[in-house]
Number of protein chains: 4
Amino acid sequence: MKQSSSVFEGVYSRGRVPAQVSGRAWLQALLDFEAALARAQARAGIVSADDAEAIAAVCDADRYDVAEISAGAAEIGNPAGAVVKALKAAVDAPVHHGATSQDAVDTAAMLVAKRALLPLRDDLHGAADIAARLAEEHRDTPIRGRTLLQAAQPTTFGLKAAGWALELDEAADWLGRVRLSYQLGGPVGTLEPLKLDLDLDASPLPWHTLRSHVGELAGALGVAAGTVGKAARDITLLAQSEVREVREHLGGGSTSMPHKHNPIAAISALGCAMQAPGLVATLLAAMIQEHERAAGAWHSEWKPLTDLFTLTGSAAAWLRESLDGLEVDAERMRANVGHAEPDTGAAAALVDRALESR
Amino acid sequence: MKQSSSVFEGVYSRGRVPAQVSGRAWLQALLDFEAALARAQARAGIVSADDAEAIAAVCDADRYDVAEISAGAAEIGNPAGAVVKALKAAVDAPVHHGATSQDAVDTAAMLVAKRALLPLRDDLHGAADIAARLAEEHRDTPIRGRTLLQAAQPTTFGLKAAGWALELDEAADWLGRVRLSYQLGGPVGTLEPLKLDLDLDASPLPWHTLRSHVGELAGALGVAAGTVGKAARDITLLAQSEVREVREHLGGGSTSMPHKHNPIAAISALGCAMQAPGLVATLLAAMIQEHERAAGAWHSEWKPLTDLFTLTGSAAAWLRESLDGLEVDAERMRANVGHAEPDTGAAAALVDRALESR
Amino acid sequence: MKQSSSVFEGVYSRGRVPAQVSGRAWLQALLDFEAALARAQARAGIVSADDAEAIAAVCDADRYDVAEISAGAAEIGNPAGAVVKALKAAVDAPVHHGATSQDAVDTAAMLVAKRALLPLRDDLHGAADIAARLAEEHRDTPIRGRTLLQAAQPTTFGLKAAGWALELDEAADWLGRVRLSYQLGGPVGTLEPLKLDLDLDASPLPWHTLRSHVGELAGALGVAAGTVGKAARDITLLAQSEVREVREHLGGGSTSMPHKHNPIAAISALGCAMQAPGLVATLLAAMIQEHERAAGAWHSEWKPLTDLFTLTGSAAAWLRESLDGLEVDAERMRANVGHAEPDTGAAAALVDRALESR
Amino acid sequence: MKQSSSVFEGVYSRGRVPAQVSGRAWLQALLDFEAALARAQARAGIVSADDAEAIAAVCDADRYDVAEISAGAAEIGNPAGAVVKALKAAVDAPVHHGATSQDAVDTAAMLVAKRALLPLRDDLHGAADIAARLAEEHRDTPIRGRTLLQAAQPTTFGLKAAGWALELDEAADWLGRVRLSYQLGGPVGTLEPLKLDLDLDASPLPWHTLRSHVGELAGALGVAAGTVGKAARDITLLAQSEVREVREHLGGGSTSMPHKHNPIAAISALGCAMQAPGLVATLLAAMIQEHERAAGAWHSEWKPLTDLFTLTGSAAAWLRESLDGLEVDAERMRANVGHAEPDTGAAAALVDRALESR
């Protein structure tokens, strides 16, 4: 039996993002770099077209063993060398010609990011869509406004949900603004620019130790995790036994109290999202890189970047599930307000405005 | 004698940013909110034009005492109440009408940010300009490429400096993309939208507990600190006694070794920049805010935001000083390369490309 | 009017700890080092007894200006040089003989820490004492157990409060176990050991770049902040309008809703405590220091250490105030349980056991 | 082929610690809790001795599938339920009687920690031993003192290595002082105390939401990572091409520059150690837990705790390898000092003192 994975993956690996940053996904991205490099060099007349196609033909992750690549990573401090070695065993052609490990690993990081952003942004927007539907449906449903956890004037549940929707949208948009560029600089970053045919931008310079790409991405992932966490926190508070204004469809019991109806999806979203800030800090701290290749800071990026995607993606997926089929108890909300006829006109108008702005 | 300030301010408060986030600057921003609110309400016919102007007339920080406002902050957990109280003592008019503390404090935060971003971005671009001049001047100056702190193929000092320039520009641009909106939601965020005449955006909804604005700003400041730190780290490494390729103009001695020529500006830049990631983490963690006003998370934002601006701004100012008049020893660089005629053509071409892209 | 301090100090500077890490406190600690050094050197026959006493006589912070020292800090990147200069202007004697800036600043840091730990630990134990009294008083008061914010079996409020008490005690004890040693190594840490007569330990070696002292202290402060935050979080949740089981004596209104009874002390405690983890991360990251004196990492310690003390101390002081006079609504607790006769025997027995263990 | 693991494990999973926090290790620890619980209940007459032994007999991780347990974790938000379910399928006896999920998971966390601390502390002490041998051997070897990365008075390499040794020892000792207690509180923490026969302490109260244990452990792991990072940073700096005073035995080339002699072990140690501070921050932030079981904060602990052990353990293992067989170029050190006869007596005496203090 496979015993290497974590017993916690059920909580921390939810939805479609984790697969995009798995060992296999990284390996495929490393191979995609090598294929794109060979083809670009063929176009430039540096290697032959036949060689390039021969290389590209073996750039399929299914042919290689992640564990072997990983073991090889220990030899030079990153997995690119082991990938090149495996390719060279598979094909007799000039693999990785003129490139450096960091070209492969950095480009792979950006490819992995690009691919992981698709389901991540989709889950953020998907959660926003459900929140927006709740906002529309409960445009006028009065709910107690709560400031500093104390009862305040009424608002509407629609406005609360509209706020979640706009924030989730904003986080997805902000992620969409992050630059993702391939890397191709050679040993010390002086390689003549060559266009790689990958779904990534070109940068004006090799960015081996210029890590703003990574920093921007880290910050934007942290913001996304925060927006997910805010909605999830509200759901857990609204679901409190003393409040009982929402109930998770998914909600499950516990080992000792099977009758309980715990908002497991929102709780899991929080459990994932709360890990983001520390990982962002690690990635920002790692921006201070020495000369043409950092001795340690670069090596400290791969795991937090992978984990930040996994956790932010899982948080978004959990939130989407939590919102999907969330049982809203409008009667209870009304009762908790305690007024007979709360004035919800301004809140409702804001809901309209918010939904129009999407 | 004034004994309250830190003995370390000489290191941590450099350049023009710290003044933009000082107690006085925050107080003025809080007052600017109250003035803008009164005028907007006058335009909407909610208060009289005379009252609005009477209010605006006393919204000058010089009239009030930061220490008194600060002491008052303890009473309700934020300084807005004390500001309102001070204003009401100064003018008999409907101050802060319909607004909530968080409207004032959040708007003030955004105003302070807007104002602090001007010198910050200017110092980032200013440092980039000097780096770009170094890049141009040393377009062809060969320098040892150093990967993992080991000698590798040569590059040029121009390319190194061009990388610093582009990163600093990028950080300034990214900071320019962050949304900064005023806040006006009233007690629970349902206030009918009213346009405040401040140099800030309007947001579709009050964002009392929707903190993506703050998170985006935090992330972008963290990136800026990282780009400054990278250049400063390189300078300290190039200035090593064993390398001696650059020397800071400012460089000073120590209490025990007055003859030393320490790169104090670059070191101070690092000392400031290295504090950024932890503060970013605090601000991202604070995004998980409850309901309509958070009980604690909001209150944990003001200091890290202020400090993050102070430190990132000081780091940028120190770096600008470090670069300004940096003594570059091209002969020594050449000698350290160890080749008679290193080929620097590709590096030089990349410098041209980089400088054109600015 | 003094305009330099923060408008937020009312929230962030509570109780007696902040004064122990103020600019004046640091300055006095720097001076205490110089006095202790001179006297130790007099004992060792290195300087004359008269000179030592002449130096010690002017080592009084009231004689100097923090702002001037701070400005001087910019020259060599730390304040020790400015202190030495000021002393040399005040007395004609061999000040700072053989020592290095870092000897002064590190020793001052440990002195400041030692002095700040007194009120901090006192406030932690003081808060624990009040919690213990609540535990005793409410040993049998049934309260709804709440897991994942959902109602579960009953417990007693006494057991809840006993848990707070034990954690606060434990945090204070853990802080008491941290080593605090003076520093005296000279320019590169090779100075012959000389016993300084300060209330600090001797370490086997100069620890200029061996920062476990600082790291241990940082971790322990982070734990203290966390234990304060836990109790404060519970109080804010118990004070919710839907729960109303406790009410802060201090509780105040807001600018827009003066009738509200917000648990301002607990909220402020949270606002302070939530800033600790990021600062701890900064201090731990700064442990990676180069050779005999770090170029940046050392310089990044002083502010986070000062702030971590200020915020942890303020959090503890706020919590102590929150607990002091906390109004406990035992009837409401009982009613919220919803059983006629909940069995609280096991919880009550645990309270006894916990209180005995103090 | 197994494709789920990371391609970076070669770097991030070094030495013997990672196996102690693997999925299998966690599963075994969860099972150890259930076995110990059943036996304790047998001793107390709550379950029969036969049942207890029947339960204990199936508490072997090899009988179960980590992936299945992990998938089950998604149902209630933690893996304990799935473990109980698997056990109940294996044996007809009162498994997990009276306990709650958190009892199992928290006790497992402490068991895993206890077991991981053995090789971790051993590698810290082991690295310290090698450093101490270097210190002894190079007690008198002069080396340039370097402050702020600038040449200063000479010291000896022995003193540098002695500093590493003492710090590593101290970190191991500090880890040894952390309390590790089992958890047994039942649904809301009111269970009558029952002694579990595990190699863990008893705590005076169930500590479901009293997380100082976890916080202390996190801080101490962060300190350990920092002490490893300091030594590794020095090694990378001493190995610089311009300094060449040490060379790693392991050192390897790169994909583009096979001739290079990169200090891969020290670099990998840094790559691991630099990730620690952010994870510590996450664990400290998670200390603020609600009521009797936290909704999210608890769930955010398991991964950072596991990763913090993995990375700190790998860092220590890498450093031990780096130090083991480190080639020290005493001639070069002497030459870099530049004096004919540097006075190293004081440094050498400090080495003696340091080694005696071990």
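Can you find, within the stretch B:121-170, the residue that is nearest to residue B:358 (Cα to Cα) among those that are among the β-branched types (Val, Ile, Thr) and buried (at least 24 other Cβ atoms within 10 Å of the Cβ)? Here the answer is B:156. Against the conditions (1) surrounded by 23 or more Cβ atoms within 10 Å (Cβ to Cβ); (2) outside any helix (DSSP H, G or I); (3) at pLDDT 95 or above, residue C:254 satisfies every one except (3).
Filtered by the rule that a residue be among the polar types (S, T, N, Q) and either surrounded by fewer than 22 Cβ atoms within 10 Å (Cβ to Cβ) or under 30 Å from residue C:335 (Cα atoms) (or both), the stretch C:171-210 gives a lone residue, C:181. Residues in the stretch B:159-204 that are within 14 Å of residue A:350 (Cα to Cα) and without any contact (Cβ under 8 Å) to a residue 40 or more places away in the chain: B:190, B:192, B:193, B:202, B:203, B:204. Under 8 Å between Cβ atoms, at least 6 apart or on separate chains: pull out the pairs that start in the stretch B:19-32 with a residue that is more than 10 Å from every other protein chain (Cβ to nearest Cβ) and of a type outside the set (A, V, I, L, M) and end on any residue that is part of a helix (DSSP H, G or I) and surrounded by fewer than 23 Cβ atoms within 10 Å (Cβ to Cβ). Hits for this filter: B:20/B:115; B:20/B:118; B:20/B:119.
Of the candidates A:164, A:174, the single residue that is under 14 Å from residue A:117 (Cα atoms), within 9 Å of chain B (Cβ to nearest Cβ) and not acidic (Asp, Glu) is A:174. Can you pull out every residue in the stretch A:312-358 that is in contact with a Pro (Cβ under 7 Å, 6 or more places away or on another chain) and either of a type in the set (Asp, Glu) or more than 17 Å from residue A:151 (Cβ to Cβ) (or both)? The answer is A:313, A:314, A:322, A:353, A:354, A:357. Condition test on residue D:111, is it part of a helix (DSSP H, G or I), more than 7 Å from chain C (Cβ to nearest Cβ) and closer than 27 Å to residue A:262 by Cβ? Judged against the criteria, residue D:111 is a match.
Looking across the stretch B:9-20, just one residue is of a type in the set (A, V, I, L, M, F, W, C) and surrounded by fewer than 23 Cβ atoms within 10 Å (Cβ to Cβ), and that is B:19. For the criterion of being modelled with pLDDT of 95 or more and charged (D, E, K, R), residue D:356 passes.
Does residue D:187 count as within 21 Å of residue C:170 (Cβ to Cβ) and outside any helix (DSSP H, G or I)? It is false that residue D:187 is within 21 Å of residue C:170 (Cβ to Cβ) and outside any helix (DSSP H, G or I).
Residue count for the stretch A:41-74, restricted to those that are surrounded by 17 or more Cβ atoms within 10 Å (Cβ to Cβ), assigned to a helix (DSSP H, G or I) and at the interface with chain D (Cβ under 8 Å from one of its Cβ atoms): 8. Only residues that are more than 14 Å from chain D (Cβ to nearest Cβ) and loosely packed, with under 15 Cβ neighbours inside 10 Å were counted across the stretch C:327-347, and they come to 6. Among the criteria (1) more than 8 Å from chain D (Cβ to nearest Cβ); (2) free of Cβ contacts under 8 Å to residues at least 24 places away in the same chain; (3) surrounded by fewer than 24 Cβ atoms within 10 Å (Cβ to Cβ), the one residue A:290 does not fulfil is (2). Applying the set (1) on the phi > 0 side of the Ramachandran plot; (2) of a type in the set (Gly, Ala, Ser); (3) touching a residue at least 60 places away in the same chain (Cβ under 8 Å) to residue D:45 leaves exactly one unmet item: (3). Would you check if there is a residue in the stretch D:43-56 being of a type in the set (Val, Ile, Thr) and under 22 Å from residue A:303 (Cα atoms)? No, every residue in the stretch D:43-56 fails to be of a type in the set (Val, Ile, Thr) and under 22 Å from residue A:303 (Cα atoms).
Summed over the stretch C:205-228, the residues that are touching a residue at least 40 places away in the same chain (Cβ under 8 Å) and assigned to a helix (DSSP H, G or I) give a count of 16.
Look through the stretch B:330-353, keep the residues that are farther than 18 Å from residue A:206 by Cα and of a type in the set (Gly, Ala, Ser), and return whichever of them is modelled with the lowest pLDDT. Applying the filter and picking the extreme gives B:340.
Total residues in the stretch D:272-284 satisfying the condition of being under 14 Å from residue C:275 (Cα atoms) and facing chain A (nearest Cβ under 7 Å): the figure is 3. Scanning the stretch C:138-158 for residues that are in a helix (DSSP H, G or I) and either touching a Leu at 6+ places or on another chain (Cβ under 6 Å) or without any contact (Cβ under 8 Å) to a residue 60 or more places away in the chain (or both) yields a count of 0. For the stretch A:194-217, which positions are within 7 Å of another protein chain (Cβ to nearest Cβ) and not acidic (Asp, Glu)? A:204, A:205, A:209, A:210, A:211, A:212, A:215, listed by residue number.
The values are calculated or read from the model by the stated rules, or taken from the named source; none is laboratory data. This one's a predicted model, so the numbers in the text were calculated from it and none came from an experiment. Counting neighbours? That spans all protein chains shown, and the Cβs are built from the backbone with ideal geometry, glycine included.
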